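The values are calculated or read from the model by the stated rules, or taken from the named source; none is laboratory data. Source: prediction; values computed, not measured. We place every Cβ from the backbone using ideal geometry, glycine too, and count neighbours over all the protein chains shown.
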Amino acid sequence: MTNTPTTPTAGGRTVAGRVPLDDVIEELGRRRPVFHSEADLQHSFARLLWELEPHVQSRLEVPQRHQDRTEYLDLLCFSDSARTAIEFKYFTRRWTGTAGTPPEDYALKGHAATDLARLHFVRDIARLERFCRRPDQNGLAIMLTNDPALWSVPGPGRGQTRDRAFRIHQGRELTGTLLWAGGTYEPNTCTLRGTYGLDWEPYSELEGAGGEFRYVAVHVSPDQEEPDDPAAPGLTQTPENPARRCPDE
């Protein structure tokens, strides 16, 4: 008896129902072990995805409408059967070196505010929950970093920091209403409808201090029912807005 291969749906860690995210990240790590910027990461991911699966289209900075305001999605990937909304975060500590083939020089800046990195990553998850309002569109929030403070379990003296509820270290679970500074600064309160376990995985290993890169990817499931509102976020692209295409598409 022959097993018939199945096509991934708009769920799990797949991109546009066709390409496992792990396959994209693994190949990306081989080709680009480090990036100059978050925009560099976004562009490289989109281009590689097109090479791996030409039937998946990619669009950068796609407008999404929500409650009479417009937000911008980092990357929308879509095939004839499914779509994936992706948000990226690239948070770095200082690192200088040469990597890649052909060799390329890098000089990464240090982003000291790890508390804000956590806040913005959790906000990305919440944004994806809003964007994935149709049954054929899932979401992926991806953070790549060489700063161990983000993936390491905090020590006993770090319990009362203002970003305590937004910690994203290995093994952490994010769910429910997260309060910034114990709720004393309401604008940073973030509510998640899903529950997300965090599992950091190796990305690349380069020479020198700050040469270890890891990533975490959070999958946001699509809504099971399509909303009645035709203007709900994630439903349409706006033709008059110049969403950029992946080069060499």
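Select from segment 63-109 the residues that are of a type in the set (F, W, Y) and touching an Asp or Glu at 6+ places or on another chain (Cβ under 8 Å) and write down the one among them that is modelled with the lowest pLDDT. Applying the filter and picking the extreme gives Y72. Annotation note: of G197, G176, G171, the sole residue that is more than 30 Å from Y106 (Cα to Cα), among the small types (G, A, S), under 16 Å from the mean Cα position of the chain (by Cα) and modelled with pLDDT of 95 or more is G197. In the set (1) out of contact with any Leu (no Cβ under 8 Å at 6 or more places or on another chain); (2) closer than 28 Å to R193 by Cα; (3) at pLDDT below 95, T14 fails one condition alone, (1). Quick one: is A112 modelled with pLDDT of 95 or more, out of contact with any strand residue (DSSP E or B) (no Cβ under 7 Å at 6 or more places or on another chain) and of a type outside the set (K, R)? So A112 does not fit the description; no.
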